[in-house]
Amino acid sequence: MPLRQAGPPRWTRSGRAAAPPRLRRRWRPPRPPGDRPARRTGLREAVLPSLARTGTFVLVAALGWLLAENRDWVGTYRSDTYLTVAGTLLAVGLYASTYGIDLGAARRNVRLVVLAISGGVVVKAALISAVMYLAFREPAYLVLGVAVAQIDPVSFAAARLQSRMSAQAKTILSAWASFDDPITVLLTVYAAAWVWPLVPADPAAATAPPHTGLESFGLSLAQNLALAGVAALVWWGTERLRRWVPGRLVTALQIVALAGLAAVAVWQFLMLALAVAGLFYRPPLGDVLDRLTQGAFLAASFALGLVLVGGISPLAGVVLGLAAVGAHVVVALVIGWRLPRSDRVDVLLGQQNGITAIILALVLERQFVGTVAAVAPAILTINVLHALGNGLRETYRRPVPAVDLPAPPLNPRRG
């Protein structure tokens, strides 16, 4: 039935024009539930997941601090066992970060990945270190910017499940978080070797890990590449065995070989090789690697508490955390200036720290005593700001407008 058209205005007894008759709306089918606007997330619902992980970090670190305080354990970072444990935890975190990289998504975002690796780590670390040096005038604080410059991939993987950001923003932050960890480790070695001669001799400091001097930097890079090449040969050879050997036996052999490669990497501190191997050496570990990473996070937090018995630098930690968040905003503005406004805001709020920052602080503590005292409150500051910022973002995120379905065609029998 055609819609009734409005005729000439009708006049009432008072001399005023009457309101035109209301047009009849065309029938539309009900909208499916999946096309309705998304419900706004409450602030508490959006903030609690991130704060829960931060609370776990604080609780486990406090348990380590209480144990060290009761046992009077001072200077645990000077032992060789401490370096071995820290190197093992770092190896687990690095391999897990590159193992989870979506190579297809990385190829589709090559330009952003390259910018994130170069600017996202190097520029951020330089900005943070500059702020720390200008604020405290201590050369040892120059290495602190490296420890907190990266985005933790495990923390981001947990946070993205509760976020309603677009697929493009998730891909960018996921690639950024996964690729910047190995670059951060390499930069840590270089920064430690550069800052070490500037720091006054400290009797409480221990010897540096192997291959952390400028004179052996080239040798370390060659050894990392050699170990990565061995990993590639082992993976290629074991994959060829699947033609004649049962698949389960080949998978078990690959896992045993991976454990051996990790042991060599920890022994010689060749972490870059293990990170590169994670890009192609991928046996079906499944949930085992996830549980191993969570265990490494708890162990690293506990070890951080053992070192914190020597004292905490809250002022330096808060300044370090604010500098890290500010540096990330500056770099993200440059990297994502072509992105839509909604995606740009999500990338700006992406800075958070986790297992990599904790373990790098543990490794640097041997050379630069006081690193953990400043990095621990900085991690707390960064993660609290991340939780609050993204919680507000999810709460006031503009719902995606639903698209109305087209009206059905008129029945020709009814005209």
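The values are calculated or read from the model by the stated rules, or taken from the named source; none is laboratory data. Please read these numbers as outputs of a predicted model, since none were measured by experiment. Cβ placement follows ideal geometry from the backbone for every residue including glycine, while neighbour counts extend to all protein chains displayed. For accessibility, only protein heavy atoms count, side chains too; no ligands or nucleic acids. Shrake-Rupley method; radii C 1.70, N 1.55, O 1.52, S 1.80 Å.
The condition of being more than 20 Å from the chain's Cα centre (by Cα), of a type outside the set (Asp, Glu), at pLDDT below 75 and under 26 Å from Ala357 (Cα atoms) holds for only one of Gly64, Gly75, that being Gly75.
Taking the residues in segment 319-357 that are open to solvent by 50 Å² or more (accessible area, probe 1.4 Å) and in contact with a Gly (Cβ under 9 Å, 6 or more places away or on another chain) as candidates, determine which candidate is nearest to Tyr95 (Cα to Cα). Residue satisfying both the conditions and the ranking: Leu349. Name the single residue, out of those in segment 267-286 being of a type in the set (A, V, I, L, M, F, W, C) and over 13 Å from Val185 (Cα atoms), that is surrounded by the most Cβ atoms within 10 Å (Cβ to Cβ). Going through the qualifying residues, I end up with Ala277. Is it fair to say Leu315 is open to solvent by 40 Å² or more (accessible area, probe 1.4 Å) and either closer than 25 Å to Gly145 by Cβ or in a loop (DSSP other than H, G, I, E, B) (or both)? So Leu315 fits the description; yes. Residues in segment 287-312 that are closer than 24 Å to Leu142 by Cβ and open to solvent by 40 Å² or more (accessible area, probe 1.4 Å): Gly310, Ile312. The residue that is farthest from Leu198 (Cα to Cα), among those in segment 128-142 that are of a type in the set (Ser, Thr, Tyr) and open to solvent by 30 Å² or more (accessible area, probe 1.4 Å), is Tyr133. Each residue in segment 241-264 was checked for being at pLDDT below 90, open to solvent by 60 Å² or more (accessible area, probe 1.4 Å) and part of a helix (DSSP H, G or I), and 4 of them qualify. Restricting attention to segment 171-202, and to residues there that are out of contact with any helix residue (DSSP H, G or I) (no Cβ under 8 Å at 6 or more places or on another chain) and either under 20 Å from Ala126 (Cβ atoms) or of a type outside the set (Gly, Ala, Ser) (or both), which single residue is modelled with the lowest pLDDT? Per the criteria, the residue is Asp202.
If you go through segment 320-354 and keep only what is within 28 Å of Ala300 (Cβ to Cβ) and assigned to a loop (DSSP other than H, G, I, E, B), you end up with Leu349, Gly350, Gln351, Gln352, Asn353, Gly354. Considering segment 113-125, and only residues there that are modelled with pLDDT under 75 and open to solvent by 20 Å² or more (accessible area, probe 1.4 Å), the residue that is farthest from Leu279 (Cα to Cα) turns out to be Ser118.
Taken over segment 71-125, residues that are of a type outside the set (Ser, Thr, Tyr), part of a helix (DSSP H, G or I) and more than 22 Å from Pro153 (Cβ to Cβ) amount to 4.
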